[in-house]
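K.L.:
Structure below; questions to follow.
All of the numbers you see were taken from the coordinates with simple rules; none came from a lab. The model shown is predicted, which means the values in this text are computed figures rather than measured ones. Cβ coordinates were reconstructed from backbone atoms using ideal geometry, including for glycine residues, and neighbour counts include every protein chain displayed.
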Amino acid sequence: MHELSIITSLFEILEEKAKEKKARRITCVKLQVGALSGAVPELLKTAFDFYKKDTLASQAELDIDEIPLKVKCKKCQHETFKDDFIFVCSNCGSSELKILAGTELLLEKIEMEIE
Amino acid sequence: MKKKEILVLKDLLGSNKMIASEIREELTEKGILTINFLSSPGAGKTSLLEQLAEQFQSQYKMAVIEGDIETERDAERIRAKGIPAWQITTGGACHLEARMVGKLFSEIPSNLDFLFIENIGNLVCPASYDLGEHIRCVLLSSPEGDDKPKKYPKAFTTSDCLVITKSDLVPILPFDIHKAQNEAMEVNPQIKTFVTSAVQGTGIKELTGFFIESLQKLRKQNA
Ligand SMILES: Nc1nc2c(ncn2[C@@H]2O[C@H](COP(=O)(O)OP(=O)(O)O)[C@@H](O)[C@H]2O)c(=O)[nH]1
Ligand SMILES: [Mg+2]
Ligand SMILES: [Zn+2]
């Protein structure tokens, strides 16, 4: 359960941005969470709802965009999504794959109300 | 009242990654090879460190950072071997973070060859936190079963080497070393596998050999 510490860092950024923009309220927070990010979307939501009380984001919704693992073969250039995490090219069998997406844990955007 | 949407695109683990890079840079400059040990509780991290301490003995200088939720016990076990050890107790947190290692930095002697970090026993959360190590090493003990690599892919995809521990128990368990190794290689084709037993003292030499070789590479790169 390291999701709470991720949400703690999220709130550090949220507070900073809200101050910068002089926001009254934060209404929505959007994250990108990769399949290989190590974080579980459900747990992030639970941690977010726990943490948001008594903050500018107390009414905010956490919107999570789940990013599947996408790889590209270095040999045959074949691009594919992997839901089994097996690093073998489904086209040529090579195990030299490059990860294109799926490891991210990003704060994408914040929606806020400003005076 | 206006609604406004701002695009941020900020990595939520970004500050940890930044501190970790600084730590790695400093350790590289000092020529201290740093290894982060990950495993579930009880897989044999501390026992393996005790074995490494005996194997390296007077030839190489090592130190250990111990991570645990509570107690100073593991650090005491390492100190009993004459090895400097620092205990980080996280008081509940399920993983070590780079800043916790960073805080100890001033106390770490600069004439070391190896710095080992024993992470909190957990195969999930520690995998997301770079501590500034050069080598990440995941331990899988035979009683845990040979099907773990696919169940905990992140720990295995992010590790440089796999140490299958408690090999002395393999004869009495339905554990297939090749299956475990193959599964690990499916999720991480580059992973190097070692098989050890702290009870019989087997496989430790191969592992120290790999660490010594990596240390030499690190120092060559510095020269
Ligand atoms: N049979 C056997 N038991 C081991 C071996 N290594 C460790 N153990 C035992 O496993 C338990 C947990 O070991 P420890 O090193 O404390 O694990 P850690 O929690 O990963 O640090 C202890 O009771 C050890 O004696 C091994 O190679 N073989
Ligand atoms: Mg231990
Ligand atoms: Zn291919």
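K.L.:
Which one, A:THR27, A:CYS92, A:SER37, projects farthest toward the positive side of the charge dipole computed for chain A from Cβ point charges (K/R +1, D/E -1)?
P.N.:
A:CYS92
K.L.:
If I measure Cβ to Cβ between cysteines in chain A, which ones have no partner under 4.7 Å?
P.N.:
So far as the 4.7 Å Cβ criterion goes, A:CYS28 stand without a partner in chain A.
K.L.:
Still on this model: Strictly over 23 Å apart at the Cα level, which of B:LYS81/B:LYS192; A:LYS82/A:LYS109; B:LYS45/B:LYS150; A:LYS17/B:LYS10; A:LYS53/B:LYS103; A:LYS98/B:LYS205 would you flag in this model?
P.N.:
B:LYS81/B:LYS192; A:LYS82/A:LYS109; A:LYS53/B:LYS103; A:LYS98/B:LYS205
K.L.:
How much length, in nm to one decimal, is gained on full extension between B:LYS179 and B:THR89, taken as 0.36 nm per residue of separation minus their Cα-Cα distance?
P.N.:
Taking B:LYS179 through B:THR89 to full extension adds about 28.9 nm, to one decimal.
K.L.:
Additional query: What does the C-alpha gyration tensor say about the overall shape of the stretch B:142-221? Classify as rounded when a/c is under 1.5, otherwise prolate if a/b is larger than b/c, or oblate.
P.N.:
Oblate, because a/c is 1.5 or more while a/b does not exceed b/c.
K.L.:
A further question on this structure: What does the charge count near B:GLU29 come to, summing +1 for each Lys or Arg and -1 for each Asp or Glu among other residues with Cβ under 13 Å from its Cβ?
P.N.:
Value of the local net charge: 0.
K.L.:
If you don't mind, there's one more thing I want to ask. For chain B, rounded, prolate or oblate, judged on the Cα gyration tensor with a ≥ b ≥ c (square roots of eigenvalues), a/c < 1.5 rounded, else prolate if a/b > b/c? Mind showing how you got there, number by number?
P.N.:
Details: a/c = 1.62, a/b = 1.21, b/c = 1.35.
The shape class here is oblate.
K.L.:
Which whole number in µm²/s is D for the protein assembly as shown by Stokes-Einstein, with the Kirkwood Rh taken over Cα pairs at 37 °C and 0.692 mPa s? Can you show the working numbers first?
P.N.:
Details: Rh = 21.5 Å.
Estimated diffusion coefficient is 152 µm²/s.
K.L.:
GNM, chain B, Cα, under 10 Å: largest mean-square fluctuation among B:ARG73, B:ARG136, B:ARG24?
P.N.:
Maximum among the listed residues: B:ARG73.
K.L.:
Follow-up. Using a simple charge model, +1 on the beta-carbon of Lys and Arg, -1 on the beta-carbon of Asp and Glu, nothing else, what dipole does the stretch B:49-99 show about its Cα centre, in debye to the nearest 20?
P.N.:
With only Lys, Arg, Asp and Glu charged at Cβ, the dipole is about 220 debye.
K.L.:
Give me the percent of DSSP beta bridges within chain B that run antiparallel, rounded to the nearest 5.
P.N.:
Around 5 percent of the beta bridges assigned by DSSP in chain B are antiparallel ones.
K.L.:
Still on this structure, please answer the following. Sort the stretch B:1-62 into rounded, prolate or oblate with this rule: let a ≥ b ≥ c be the square roots of the eigenvalues of the Cα gyration tensor; rounded if a/c is under 1.5, and if a/c is not under 1.5, prolate when a/b is larger than b/c, oblate otherwise. All intermediate terms of the calculation are to be shown ahead of the outcome.
P.N.:
Numbers: a/c = 7.96, a/b = 2.26, b/c = 3.52.
Taking the square roots of the gyration eigenvalues as a ≥ b ≥ c, the stretch B:1-62 is oblate.
K.L.:
Averaged over A:107-114, how many beta carbons belonging to a partner chain fall within 10 Å of each residue's beta carbon?
P.N.:
5
K.L.:
Follow-up question, since we're still on this one. Between the stretch A:4-18 and the stretch B:167-223, what is the C-alpha centre distance in whole Å?
P.N.:
Cα centroid of the stretch A:4-18 versus Cα centroid of the stretch B:167-223: 39 Å apart.
K.L.:
Applying 1/(1 + (r/R0)^6) with R0 = 35 Å to the Cβ-Cβ distance of B:LYS61 and A:GLN59, what FRET efficiency is obtained, to the nearest 0.05?
P.N.:
0.05
K.L.:
A follow-up question, please. Taking Cα pairs under 8 Å and at least six residues apart, what relative contact order does chain B come out at, in percent?
P.N.:
25
K.L.:
To continue, here is another question. Specify which residue in the list B:LEU139, B:ALA155, B:PRO41 is farthest towards the positive end of the charge dipole of chain B, using unit charges on the beta carbon of Lys, Arg (+1) and Asp, Glu (-1), about the Cα centre.
P.N.:
Ranked along the dipole, the leading option is B:ALA155.
K.L.:
B:GLU22 to B:GLU76: extension gain in nm, 0.36 nm per residue of separation minus the Cα-Cα distance?
P.N.:
Here the answer is 16.6 nm.
K.L.:
Got the relative contact order for the stretch A:3-114 handy, in percent, Cα pairs under 8 Å and 6 or more residues apart? Intermediate values should be presented prior to the final figure.
P.N.:
On the way: 204 pairs, mean separation 42.1, N = 112.
Here the relative contact order equals 38 percent.
K.L.:
Place a +1 charge on the Cβ of each Lys and Arg in the protein assembly as shown and a -1 charge on the Cβ of each Asp and Glu, then give the dipole magnitude about the Cα centre in debye, rounded to the nearest 20.
P.N.:
That gives the protein assembly as shown a dipole magnitude of about 700 debye.
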